Structures are given as C-alpha cells and as structure tokens.
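Asks: Sharing a structure, written as structure tokens. Questions coming.
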Amino acid sequence: MLNKIAEEEFMNIPEYFERRELYAELNAIAYELLAPPFELSHLVLMSDRGLVDQERQLIRELCQHFDINPPHPNDNDFSANFGEFRLRWERHTEYSTYTIYRAAAFETPFEHPPVSYIPKEWIARLPGELLVATHIALEDRSRPKRSLHELSTLFTSGTVIGSKVAGGAASVWSDNQIHPDNFGRILVHDENLRSRQVGRLVQRLLEIETYRMLAMLPLPVTRKIIPQLAQADQRLADLIANNVELTSIEDEQRLLDELTMLAAETEQLSAQTSHRFNASRVYYDIVKLRITELREERIEGLQMLQEFMIQRLSSAMATCELVHTKLETLSTRLGRASALLRTRVDLSMEAQIRDLLKSMDSRAQVQLRMQETVEGLSVVVLSYYLLGISGYGLKALKAAGHGIDVELLTGIAIPVIVLGVFFVVRRLRNSFNKLHRDQ
C-alpha cells in the first residue's frame with residue numbers, strides 16, 4: 001500500500017531523458033559466464049566510427065550463415081552461441097572487438113584456436129586494421145599444472161612471464177610475443193576459481209592486452225616528432241638571438257612572420273598528437289587498474305605480469321609525456337617571444353607615427369605661415385584692384401561735370417579700402433576656422 005502511494009506521489013516528476021540508459025550502462029555485463037576448459041580468440045580492429053554499419057551487416061551475414069537471430073539494427077554489442085563456438089562483438093569509440101569462445105577439452109593449447117571455426121572469407125572482410133590478436137586457453141583444475149619445459153614449448157620465444165592471480169585461485173603465463181599465426185598467447189590454469197571469477201579474470205586479461213596496445217599508439221608518432229621538436233627549438237633560439245640585432249621595423253616584421261610560421265607548425269603538431277596523448281593516459285591508467293585487480297602473487301623464477309607490463313609501458317609513456325611537455329613548453333615560449341616582438345613592433349610603429357605627426361605639424365606651421373603671407377598679399381592685391389575701380393569711378397564723375405579732385409580722393413580712399421579689405425579677409429578666415437572646429 002505504501003509503495004503504491006509512493007508511486008502515485010512521484011509518478012508525475014519528469015524523468016531525466018537518459019536516466020534508464022545510464023542505469024543500463026552501469027549494469028551492463030561486460031564478461032561472459034565461462035567454465036573451464038575453454039579457449040578463446042580475441043581480435044581488436046581499429047576502425048572509424050562510420051564503419052559500424054558495415055560491421056553490423058557482417059554480423060548479420062554470419063548469423064544468417066549459421067541460422068542465428070541477428071542483432072538489432074542499432075546495437076553496439078552482440079553475443080550469441082553459434083554451435084561450435086560463441087561470438088561476442090563490441091563496438092567502442094575508435095575500435096571494435098571480436099571474441100570467439102569455444103568450450104571444449106584440449107590436450108595442446110593453441111593448436112586449434114576458436115578463430116579457425118569462423119569462415120576465413122568472413123574474417124578477411126572485417127573493416128579496420130588489426131591492433132590486437134590474442135589466444136587464451138584456460139585449463140581445468142583436474143589437469144596437472146604444466147612444467148617450465150612444457151611452457152617453453154608453448155611459448156617459443158623462450159621468455160615466459162607468469163604469476164598466480166585472483167588471490168592464488170589461478171596461474172597465468174604468457175610471453176607477450178606475436179607467434180607465427182599472428183596471435184599472442186596466454187595460458188591460464190584454474191586452481192580454485194569460482195564460476196563468476198573465470199569471466200572476470202578473462203575480461204581483465206583481454207582488457208590489459210587491448211588497453212596496453214592502445215596506450216602505446218602515440219609512441220611511433222612521438223619518435224618522429226622528437227627530431228622536429230629539436231629543430232623547432234633551435235630555430236626559436238636563433239630567432240630570439242636575432243631579435244637583439246634588429247635595426248628596422250621591416251626586420252622586426254620579417255622576424256615576426258618567421259615566429260608566426262614556427263608557432264603554426266608547432267600548433268599543428270600539437271593538434272595532431274594531443275588527442276592521442278590524452279587517450280593514451282586514460283588507457284595507461286586502465287591497464288594499471290586492471291593489473292592491480294589481478295591480485296598477483298609471484299611464481300618462483302618468473303617475472304610477474306605487473307613487472308613486465310609496467311616496465312615496458314612506463315618507459316613508453318614517459319617518452320610520450322616528455323614530448324607532450326616539450327610541445328607545451330615550446331608553444332609557451334613561442335607565445336612569449338611573439339608577444340615581446342609584437343610589443344617591439346608596436347613601439348616602433350608608434351615612434352614612426354609620432355615622427356610622422358611631428359612632420360605633419362611642422363608642415364602645418366609652414367602652411368599657416370604661407371597662408372598668412374598669401375592673405376597679406378591678397379589684401380594688397382584686392383586693395384589695388386578696388387582702388388583702380390574707385391579711380392575709374394571718380395574719373396567718370398569728373399568727366400560728367402562734377403568738380404572733384406580725383407588724385408586727392410583716391411589718396412584718401414587708400415587707407416579706407418585697405419583696412420576694409422583687411423577686416424573682410426580676416427572675418428572670412430575666422431568663419432572658416434570656426435566651421436572647421438565645429439566639424
């Protein structure tokens with residue numbers, strides 16, 4: 001009754017649209033329920049996300065071939081029993097995994113791996129590039145544990161590593177080598193594993209194999225970048241040294257162009273590698289976590305998986321981290337050098353602008369003096385012409401019979417006309433200056 005009331009009270013609360021998807025992700029079973037003896041073959045193919053439809057189509061074709069119900073069109077994982085074997089397909093962000101299980105007794109591990117029961121033509125059509133290929137054989141506890149001599153025949157490289165795992169409930173051996181069939185090998189001997197421990201142990205081993213290779217992906221690119229970084233670092237040092245010898249703004253702009261080009265090249269390297277470096281860190285952390293979850297105990301005379309993995313991986317990851325740090329440091333130094341040089345260019349340009357303004361001011365003063373001179377001359381010229389016109393007028397009046405003294409009146413008119421023209425020209429100049437200031 002209380003549960004029913006609670007449902008009625010809370011049923012109207014809107015549910016987060018991805019709540020059930022998140023619950024499903026948390027409760028997804030990431031491992032198969034397995035029982036020894038069995039063998040499996042595990043493939044990891046790097047492929048673009050856009051190829052997932054092609055992968056689903058191939059899974060459907062395989063299901064049709066064996067008369068099995070195919071997966072749903074939008075599924076990203078699929079697991080089914082095909083009779084002689086069991087197939088599990090999972091699509092991840094940048095890769096897909098295909099794991100083939102075969103539960104059957106075997107005398108010699110890896111002699112008839114489960115992958116051989118799948119049509120070769122179908123495997124050849126799988127999209128992507130092979131990154132991981134591993135066989136795992138898990139022997140029943142009723143079989144005596146194999147001697148080091150027997151192990152050396154199974155792992156032909158001659159270097160066997162191994163340990164007790166799951167608190168001593170199983171023993172694991174490998175050599176971390178690619179064998180002639182293009183697969184790696186892991187042998188597990190059950191000593192006291194519970195039913196659910198088997199699936200978890202196998203899943204951890206597969207994840208260690210997968211994620212250690214994914215963590216190593218940036219290493220080849222990193223080794224190619226190291227000489228490029230050294231050259232870029234030397235170029236930056238030379239450019240900074242040349243900064244002291246600059247004598248003109250043209251040289252400064254040329255140096256700024258070279259710094260900008262070097263910064264663009266560095267940013268391109270960073271853009272090409274930053275995603276891979278960040279992903280590699282995550283994968284490396286997962287590998288360390290999965291190795292810790294194995295709960296290893298030493299087998300006398302053998303190197304443990306943790307020692308082998310961490311020694312190899314840590315050096316590779318340290319190289320990647322070093323290059324990543326150098327890239328960031330170089331970008332920071334380039335940014336500082338560019339900022340300093342831009343400041344220098346800005347100061348040089350401001351100095352040029354200041355000199356230009358001074359020159360313009362001097363020219364304006366000269367133009368003002370010339371304008372005043374021209375104004376004075378214009379007063380004289382206008383006064384001369386006005387006096388001439390006045391003289392002609394006075395002569396006309398005298399000829400008309402008026403008794404006037406033309407020379408006397410002309411002389412008297414001179415200061416009047418000159419002053420009148422002067423004040424008119426001055427008034428016009430003041431009006432133009434005021435109009436200019438208002439604008």
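Asks: What do you reckon, is LEU148 in contact with a Gly (Cβ under 8 Å, 6 or more places away or on another chain) and either among the acidic types (Asp, Glu) or modelled with pLDDT under 90 (or both)?
Replies: On the way: in contact with a Gly (Cβ under 8 Å, 6 or more places away or on another chain): yes; either among the acidic types (Asp, Glu) or modelled with pLDDT under 90 (or both): yes.
The answer is yes for LEU148.
Asks: Just checking, which of SER174, SER195 is polar (S, T, N, Q), surrounded by 18 or more Cβ atoms within 10 Å (Cβ to Cβ) and within 24 Å of ARG143 (Cα to Cα)?
Replies: SER174
Asks: Just checking, does region 243-251 include any residue being in contact (Cβ under 8 Å) with a residue 12 or more places away in the chain, part of a helix (DSSP H, G or I) and either loosely packed, with under 15 Cβ neighbours inside 10 Å or in contact with a strand residue (DSSP E or B) (Cβ under 9 Å, 6 or more places away or on another chain) (or both)?
Replies: No, the conditions are met nowhere in region 243-251.
Asks: So, one more: Of the conditions (1) in a helix (DSSP H, G or I); (2) at pLDDT below 75, TYR392 fails just one. Which one is it?
Replies: It is condition (2) that TYR392 fails.
Asks: Let me ask another. Here are some conditions: (1) of a type in the set (Ser, Thr, Tyr); (2) more than 27 Å from GLN197 (Cβ to Cβ); (3) in contact with an Asp or Glu (Cβ under 6 Å, 6 or more places away or on another chain). THR134 meets all but one. Which one does it not meet?
Replies: The number of the failed condition is (2).
Asks: Here are some residues: VAL221, VAL244. Which one is at pLDDT 85 or above and either more than 26 Å from the chain's Cα centre (by Cα) or β-branched (Val, Ile, Thr) (or both)?
Replies: Selected residue: VAL221, the only one of VAL221, VAL244 that is at pLDDT 85 or above and either more than 26 Å from the chain's Cα centre (by Cα) or β-branched (Val, Ile, Thr) (or both).
Asks: Now a separate question. Between a first residue in region 405-419 that is under 15 Å from LYS395 (Cβ atoms) and a second residue that is of a type in the set (A, V, I, L, M, F, W, C) and surrounded by 12 or more Cβ atoms within 10 Å (Cβ to Cβ), which pairs have beta carbons less than 7 Å apart while being 6 or more apart in sequence or on different chains?
Replies: These pairs meet every condition: VAL406/LEU394; LEU409/LEU394; THR410/LEU387; THR410/LEU394; ALA413/LEU387.
Asks: Being without any contact (Cβ under 8 Å) to a residue 60 or more places away in the chain and closer than 15 Å to LEU294 by Cα is the filter here, so list the residues in region 145-172 that pass it.
Replies: Of region 145-172, the ones without any contact (Cβ under 8 Å) to a residue 60 or more places away in the chain are 145-147, 149-159, 169-170.
Residues satisfying the conditions are ALA169, ALA170.
Asks: When residues of region 134-164 are filtered for being over 23 Å from ALA104 (Cβ atoms), part of a strand (DSSP E or B) and touching a helix residue (DSSP H, G or I) at 6+ places or on another chain (Cβ under 7 Å), how many remain?
Replies: Filtering region 134-164 down to residues over 23 Å from ALA104 (Cβ atoms) leaves 147-149, 152, 156-164.
Subsequent filtering for residues that are part of a strand (DSSP E or B) retains 161-164.
Within this subset, residues satisfying the condition of being touching a helix residue (DSSP H, G or I) at 6+ places or on another chain (Cβ under 7 Å) are 161, 163.
Counting residues in region 134-164 that are over 23 Å from ALA104 (Cβ atoms), part of a strand (DSSP E or B) and touching a helix residue (DSSP H, G or I) at 6+ places or on another chain (Cβ under 7 Å) gives 2.
Asks: Identify all residues within region 165-194 that are outside any loop (DSSP other than H, G, I, E, B) and closer than 22 Å to GLU107 by Cα; write none if there are none.
Replies: Of everything in region 165-194, those that are outside any loop (DSSP other than H, G, I, E, B) and closer than 22 Å to GLU107 by Cα turn out to be ALA170, SER171, VAL172, TRP173, SER174, GLY184, ARG185, ILE186, LEU187, VAL188, HIS189, ASP190.
Asks: Could you say which residue among ILE286, ILE299 is surrounded by fewer than 19 Cβ atoms within 10 Å (Cβ to Cβ), touching a residue at least 24 places away in the same chain (Cβ under 8 Å), touching a Gly at 6+ places or on another chain (Cβ under 6 Å) and more than 30 Å from ALA351 (Cβ to Cβ)?
Replies: ILE299
Asks: (1) polar (S, T, N, Q); (2) more than 14 Å from the chain's Cα centre (by Cα); (3) farther than 27 Å from LEU239 by Cα: which one isn't true of SER280, the others all being true?
Replies: Just one mismatch for SER280, condition (2).
Asks: Sticking with this structure for a sec: Pull up region 114-130, narrow it to residues that are loosely packed, with under 15 Cβ neighbours inside 10 Å and not in a helix (DSSP H, G or I), then point me to the one that is modelled with the lowest pLDDT.
Replies: The residue in question is PRO119.
Asks: Continuing with the same structure: Among residues belonging to region 47-77 that are aliphatic (A, V, I, L, M) and over 18 Å from ALA124 (Cβ atoms), point out the one that is farthest from the chain's Cα centre (by Cα).
Replies: Checking each candidate, the answer is ILE68.
The values are calculated or read from the model by the stated rules, or taken from the named source; none is laboratory data. This is a predicted model, so every value here is computed, not measured. Cβ: placed from backbone, ideal geometry, glycine included. Neighbour counts: every protein chain shown.
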